[in-house]
Ligand code: ADP
């Protein structure tokens, strides 16, 4: 895509110290674009650009990229991951789903289970859910007790403390060469109902249906409030949140791929240049190979 034709992504980017409310971004927004071959072409173009950027990232081997995806059920996290991954070299990407913590995980501090999955230099790590569940589901369902925290530390200000810990953790990552990109797929309650119904009605999607998702719908408002507060408190310049209107799957895929391309393009990455000695050595190897043919 020509630079002048690039989508405007700033509207969806929350960087901190902003008076942000979830209702500022409509779940059905499509940035005045329409579904169709043009949008599909743009997505395919972005995936191609991502493939090239990943190659440079891998060759440069100094930055790692952490992509965090958070959303209500059926908002399209899996589809986005499939799309992004479709063009990437599997050697340089790892996807980690964050599920209900195991007994071993609950025996540690809540960030423990993330550390081993942070991206290596040159790699992209995708978190399907993340440590943000520890200020979302844990807050909405009051699960702190199961986290074995000392009683005297479980006070009202625990969420503010966790937001601060997450800001600090992400600042630490960014100061150590890990680029943190956070996405919240913002879907309406009506569209979620449509997608859950589709999971019931379409036999190929039955396996995706979970009665637990219906139960979580009862807590819709609490989740929206928790998301809003969490985004306000943890959006920073180092690790901004991107709120993605997700009622239209094609638009969410277009916007996420566009944001990834634009952010990766900002990184000062390049293919490593050879030193004069290495170049001379390469010329020697070339001669050796051609002479031996
Ligand atoms: P997904 O919905 O991401 O496709 P699952 O259906 O397996 O995957 O759901 C994972 C579940 O794990 C979600 O309900 C999520 O809230 C829960 N979960 C993730 N992290 C935590 C956590 N730290 N504490 C409690 N529950 C968690």
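Please treat every number below as a calculation from the coordinates, not as lab data. Since the structure is predicted, the reported quantities are computational estimates derived from the model, not experimental observations. So basically every Cβ, Gly included, is an ideal-geometry build from the backbone, and we count neighbours across all protein chains shown.
Which angle from 0 to 90°, rounded to the nearest 10, does the C-alpha axis of helix 249-266 make with the longest principal axis of the chain?
Roughly 50 degrees between the two axes.
With a cut-off of 8 Å between alpha carbons and a minimum separation of six or more residues, what is the relative contact order of segment 74-149 in percent?
Working: 53 pairs, mean separation 28.3, N = 76.
The value is 37 percent.
Angle check, please: helix 276-291 long axis (alpha carbons) against the longest principal axis of the chain (alpha carbons), in degrees 0 to 90, nearest 10.
60 degrees
Counting only Cα, what are the radius of gyration and maximum Cα-Cα distance Dmax of segment 71-168, in Å?
Just the Cα atoms of segment 71-168 yield Rg and Dmax of 15.4, 49 Å.
Express as a percent, rounded to the nearest 5, the fraction of DSSP beta bridges in the chain (both residues included) that run antiparallel. Working shown, then result.
Values: 2 of 25 bridges.
Antiparallel bridges: around 10 percent, rounded to the nearest 5.
Identify the residues of segment 17-55 with backbone N under 15 Å of a label point that sits 7 angstrom from the Cα of residue 220 along the Cα-to-Cβ direction, or state none.
23, 27-28
Considering just Cα atoms, how many Å³ per residue does the convex hull of segment 7-74 enclose?
Output value, Cα hull per residue: 156 Å³.
Please work out the Cα convex hull volume for segment 1-118 and give it in Å³ per residue. Present the calculation step by step, with values, prior to reporting the outcome.
Details: hull volume 21.9 nm³, N = 118.
Expressed per residue, the convex hull around the Cα atoms of segment 1-118 is 185 Å³.
Report the full-extension gain for the segment residue 146 to residue 164: residue separation times 0.36 nm, less the Cα-Cα distance, to one decimal in nm. Walk me through the intermediate numbers first.
On the way: separation 18, 0.36 × 18 = 6.48 nm, distance 2.16 nm.
Fully extending the segment from residue 146 to residue 164 adds 4.3 nm.
Over the Cα atoms of the chain, what is the Rg over Rh ratio if Rh follows Kirkwood? Each step should come with its number before you reach the end.
Working: Rg = 21.5 Å, Rh = 20.9 Å.
Taking Rh as the inverse mean 1/r over Cα pairs, Rg/Rh reads 1.03.
Please give the length that would be gained between residue 153 and residue 279 if that part of the chain were fully extended, namely 0.36 nm times their separation in residues minus their C-alpha to C-alpha distance (nm, one decimal).
Values: separation 126, 0.36 × 126 = 45.36 nm, distance 5.94 nm.
Extending this stretch completely gives an extra 39.4 nm.
Across 10 Å bins from the origin, how do the percents of Cα pairs in segment 157-293 run, short distances first?
Histogramming segment 157-293 at 10 Å steps yields 9, 23, 24, 18, 10, 8, 7, 0 percent.
For segment 1-95, calculate the relative contact order in percent as a whole number, restricting contacts to Cα pairs under 8 Å that are 6 or more residues apart.
Numbers: 26 pairs, mean separation 28.5, N = 95.
Relative contact order comes out at 30 percent.
So what is the relative contact order for the chain, in percent, with contacts set as C-alpha pairs under 8 Å and at least six apart?
Details: 386 pairs, mean separation 99.9, N = 293.
Normalised by residue count, the contact order of the chain is 34 percent.
I'm checking a number: the convex hull volume of the Cα atoms of segment 130-181, normalised per residue, in Å³. What is it?
It is 90 Å³ per residue.
Could you state, as a whole-number percent, how many of the C-alpha pairs of segment 235-275 are farther apart than 14 Å? Intermediate values should be presented prior to the final figure.
On the way: 513 of 820 pairs.
Percentage above 14 Å: 63.
Counting only the backbone N, which residues of segment 247-274 are under 19 Å from the spot 7 Å out from the Cα of residue 288 toward its beta-carbon?
Under 19 Å, as judged by backbone N against the label point of residue 288, lie 274 of segment 247-274.
For segment 203-276, what mean projected area does the convex hull of the alpha carbons give, in nm²?
Values: hull surface 37.5 nm².
So the Cα hull casts an average projection of 9.4 nm².
With the Cα gyration tensor of segment 116-238 giving a ≥ b ≥ c as the square roots of its eigenvalues, does the rule (a/c under 1.5 for rounded; else a/b larger than b/c for prolate; else oblate) give rounded, prolate or oblate?
Numbers: a/c = 2.07, a/b = 1.35, b/c = 1.53.
Oblate.
Helix 158-175: angle to the longest alpha-carbon principal axis of the chain, degrees 0 to 90, nearest 10?
Taking Cα atoms only, the helix is inclined about 0 degrees.
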